1. If I ask for residues that are among the hydrophobic types (A, V, I, L, M, F, W, C) and without any contact (Cβ under 8 Å) to a residue 12 or more places away in the chain, which ones from the range 481-496 would you list?
2. Please go through the range 343-371 and pick out each residue that is part of a loop (DSSP other than H, G, I, E, B) and in contact with an Asp or Glu (Cβ under 7 Å, 6 or more places away or on another chain).
3. Would you mention how many residues in the range 491-503 are part of a helix (DSSP H, G or I) and out of contact with any Asp or Glu (no Cβ under 9 Å at 6 or more places or on another chain)?
4. Residue check, Arg494 against (1) more than 23 Å from the chain's Cα centre (by Cα); (2) farther than 29 Å from Arg9 by Cα; (3) of a type in the set (D, E, K, R), all met but one. Which one?
5. For the structure I just gave you, tell me whether Gly13 is at pLDDT below 95 and buried (at least 22 other Cβ atoms within 10 Å of the Cβ).
6. Being more than 16 Å from the chain's Cα centre (by Cα) and of a type in the set (Lys, Arg) is the requirement here; does Arg72 meet it?
Amino acid sequence: MHRDPSVSRYAAGQLSPARRASDLARLADRRYDVVVIGGGVTGVGAALDAASRGLSVALLEAHDLASGTSSRSSKLIHGGLRYLEQLEFGLVHEALRERGLLAGRLAPHLVRPVPILVPLATSPGPLAPAARAWHRAYYGAGVALYDLFAGVTGESTRGMPAHRHLSRTSARRLFPSLREDVLTGAIRYYDGQVDDARYVATLARTAASLGAVILPSAKVVGLIRDAREVTGVRAVDQETGAEFEVSARTVVAATGVWSDDISALLGEGRPRLRVRASKGVHLVLPRSAINGDAGLILRTPTSVLFVLPWGGHWIVGTTDTDWSLDRDHPAASARDITYLLEQVNRWLDRQVSTSDIEGVYAGLRPLLVGEARPGRSPHSMDEHTSKLSREHAVVEPMLGLMLVAGGKYTTYRVMAADVIDRAARRLGPDVPASHTDQLPLLGADGYRPLWSARADVARRHGLPVGVLEHLLERYGSLTMELLELIGADPSLGRPVDGAPEYLAAEIVYAASHEGALHLEDTLTRRTRISIETSHRGTDSARQAAALMGRVLGWDDAAQRREVDNYLARVAAERQSQLMPDDLSADAARLGAPDARHPAAAGA
Ligand SMILES: Cc1cc2nc3c(=O)[nH]c(=O)nc-3n(C[C@H](O)[C@H](O)[C@H](O)COP(=O)(O)OP(=O)(O)OC[C@H]3O[C@@H](n4cnc5c(N)ncnc54)[C@H](O)[C@@H]3O)c2cc1C
């Protein structure tokens, strides 16, 4: 749309500090077709959907891209096997279709198959053989239906291999840490796995490559109204504290668990999209703590628990409890951690304990509350209806303002298309239909040939092939940009202090190309150093601040401030994880300052 055709898509998708400054300066010059509030997967997906339809778009994110729920999920692109038990066939089918699209066409460099075992437990008593047969038949039918919905059959895999039944011996061969005495066998199926925060950053760059303004650290604090219409937003630049306005023909709020705050800006008496926050905590353990070559899906008294391989680590989660405290920094308590350890230990022959834990993270599910009006599709709910489930809703509480919330990561593209369809009704009949199902993300084009040639490419750049694989799985064909950085400064090809899985070039690139503005953005979201190392990134902080500082112009004092903020954040998180309950954990977590503009941070 508004992209200079002489500039390559890669260059146009660069979220550099210069791009942020020029975008900020240009915001006042025009009236945007769509202003999106919220830089999680839903908002960024909406920005891409709108930009790819040729609309002018500006997205404002209060903190960092994906800093809300979209960096704190279980990182599965899945249909949700457990929703089959709740007979949510439509939801599962839709999500599995999305899974196939993402893993196959849109982002094969970011979404990969992960094998998961459904362990079949022993039953006591004389009816054990019958119970065993029933369990296998019941779970087997569920997994078969799952594959069928996904279009995974003998001939067609849609990016995911088909499921298989395993005997106890085969299950333990694949997962030696599973306790023999509780196991009769297993079923292995596949789902998609993604680095959720990296996916959002890539999605944002894809939107930017089509001309969308993507503005992190810009918090919307007011809606501009003209009589009974919303005609723009008032926002604060969280880096400087400066206020500014953006004029819009439509405003889309994709603010997850903050949705009620946007409704509140309309004033009393307005219909709302009511969203409840439910906290989910995950633990990160070293791969050596558990011996297995697949993930596990385990039943808990209230829900299910995943144990998922994650590079050199395991992710174990999640809990599911109401949360009404600070939404910017949801805190995990000692109770959450004990619960997760107890649940996973029921299945393991070598028990894991708090001393194994490398990282902990907590996220908030945006769940819609209220009663659904019977017979209405959740995709076209009006302002009086909502539905408590993993489904989503689009509402228009005032002309020109659309709210979208609920759903799950996997179906972000559907949510985005639905809300932009709604905006298009206002913008006129010429707006084309969504075609993001045909639009690969940056880094997807050329990824597969590069993967095939990885040994050769690695040799040419003097890097071990494992390093090139690491880069390709995080950047796809954008890897070439990192190789250029390393070519210009070979010291960037060296590992990051305290985090040997990552290269110094990735820290620089986060600031120069991926919109990272603070140390925390790079250590927690562009990389996962904050949850993948037992020092939680503190040993990498100084070097990372120096590397980012080169791009962002930080002098010694600015670097020190970033490091101090980061260390204080880690200390507060550690403290909160020792606290017995949510209230005390929340109080401990709030002890750390926000890296973003202190005057604006509390706004
Ligand atoms: C523990 C857990 C596990 C999950 N696991 C999975 C999974 O494995 N697979 C799956 O498909 N789904 C999963 N989900 C669900 C999924 O993560 C969420 O549905 C999804 O990330 C929500 O994205 P969002 O963009 O709607 O919200 P968010 O990611 O929270 O984005 C909202 C954004 O709005 C911004 N914002 C708020 N107010 C303002 C303002 N005034 N101005 C500017 N910006 C503002 C916030 O800073 C935030 O970045 C999980 C959720 C949780 C909590």
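The values are calculated or read from the model by the stated rules, or taken from the named source; none is laboratory data. Keep in mind the model is a prediction, meaning the values are calculated, not measured. Virtual Cβ from ideal backbone geometry, glycine too; neighbours counted across all protein chains shown.
1. Passing the criteria: only Ala488.
2. Residue satisfying the conditions is Glu358 alone.
3. Residues meeting the conditions: 2.
4. Going through the list (1) more than 23 Å from the chain's Cα centre (by Cα); (2) farther than 29 Å from Arg9 by Cα; (3) of a type in the set (D, E, K, R), Arg494 breaks only (2).
5. Criteria met by Gly13.
6. no
This table checks each residue for (1) within 19 Å of Trp258 (Cα to Cα); (2) free of Cβ contacts under 8 Å to residues at least 12 places away in the same chain; (3) in the same structural domain as Trp258 (by TED's automatic domain parsing).
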position	(1), (2), (3)
Arg327	yes, no, no
Pro330	yes, no, no
Arg335	no, no, no
Asp349	no, no, no
Val352	no, no, no
Ser355	no, yes, no
Glu358	no, no, no
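Okay, residues lined up against (1) in a helix (DSSP H, G or I); (2) at pLDDT 85 or above:
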site: Pro115; (1), (2): no, yes
site: Pro119; (1), (2): no, yes
site: Pro126; (1), (2): no, no
site: Tyr138; (1), (2): yes, yes
site: Ala141; (1), (2): yes, yes
site: Ser156; (1), (2): no, no
